[in-house]
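Take a look at the structure below.
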Amino acid sequence: MARPDPEALIARATELLRLPRIGLLWCRGAVPSPWTLPGTRGVHYLEEPRAAGLHPFYLLEGLSLPEREARTLALLAVLEPPVSLVAELVSGLGASPAARLASACLDEGVPVLLDPSRLEPWLAGAGTGARDRWTEARGVLEARGVRWLGSGGAAPLPKAPDHPGALRLDPGWHAWGELSGRTEGCSAVVLAPGARLTPEARERLRVRGIPVREEGTGWR
């Protein structure tokens, strides 16, 4: 058997390290499945050991510092969260491993996509008071930075309009000094997964009336 080329292995490892990490948090009872998106690395987080075909994966109970883990992600998708987990995120005082990871992502400015599929049957059987409280809770979640997967009880974000002349920014931090010479004639700024603006850059774009969005979300 031919021996692997060390230089090729190092080049491949370096290439993988440059790709943005997309986290998939599979809540208890969800059926995990392999997932890939060109140009990214999928990382699976599980509440129970059901890891067939998943790589890499981590058990949430084993994450001693979810806040540190959150800083390595470009995006986190939370699949089939129970109402109890959503309530933890609303309160901001989540103690479960899943809530700690999702909350840490929100605190770090990492986009969190929440799957509302388990909320839909709960909302269908809820009374008026519970539905009113959910409307308030949804506002709290969206203010924290939560975005929604699919439709149903949580309602999807509106589609972003087309913006000819938009400037797309690659993963990494972008300061105003870098952008100041690139915004002339720019109609909008689109942030690729993992791309982030410094507070100064975001404020200067706002003052100039240039909208900003993350890929897959609405304009803001």
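For the pair residue 126 and residue 187, label points projected 7 Å from Cα toward Cβ lie 3.8 nm apart. For residue 48, no residue whose modelled amide H falls within less than 5 Å of its own remains once neighbours fewer than 5 places apart on the same chain are excluded. Placing R0 at 25 angstrom, the Cβ-Cβ distance between residue 93 and residue 136 gives a FRET efficiency of 0.90 after rounding to 0.05. Taking a Cβ cut-off of under 13 Å around residue 97, the surrounding Lys, Arg, Asp and Glu residues balance to a net charge of -4, with basic ones at +1 and acidic ones at -1.
Throughout, read-outs are computed from the coordinates displayed, never taken from laboratory work. Not measured: the values here are computed from a predicted model. Every residue, glycine among them, receives a Cβ derived from its backbone with ideal geometry; neighbour counts consider all protein chains shown.
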